[in-house]
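The values are calculated or read from the model by the stated rules, or taken from the named source; none is laboratory data. Predicted model only: the values in this text are computed from it and were never measured. Note that we place each Cβ from the backbone using ideal geometry, even for glycine, and neighbour counts take in every protein chain shown.
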């Protein structure tokens, strides 16, 4: 008998509103929310630190979401999307 996994592959594309978890040591996990930042002089994509232990609310800002994803993956050993999403009504 052969077992076939028919579940769809997990989509690793990042979108505005996605929550990510990133860490180097399991005891020091960080959670962030992917956001779009629109300022009169600049715009781009960033990660809002949900723990807000830093002075800056937005940890990273890049013009393209792919560049943001590349930076986070190069800075942290483990990066994964969390099965959560912020919904504002």
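Data table
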quantity: Positions within segment 32-81 being in a strand (DSSP E or B), modelled with pLDDT of 90 or more and over 14 Å from residue 15 (Cβ atoms), in sequence order; calculated: 78, 79, 80
quantity: Residue under evaluation residue 12, criteria (1) outside any strand (DSSP E or B); (2) at pLDDT 90 or above, criterion not met; calculated: (2)
quantity: Residues that are without any contact (Cβ under 8 Å) to a residue 24 or more places away in the chain and closer than 13 Å to residue 65 by Cβ, drawn from segment 24-38; calculated: 35, 36
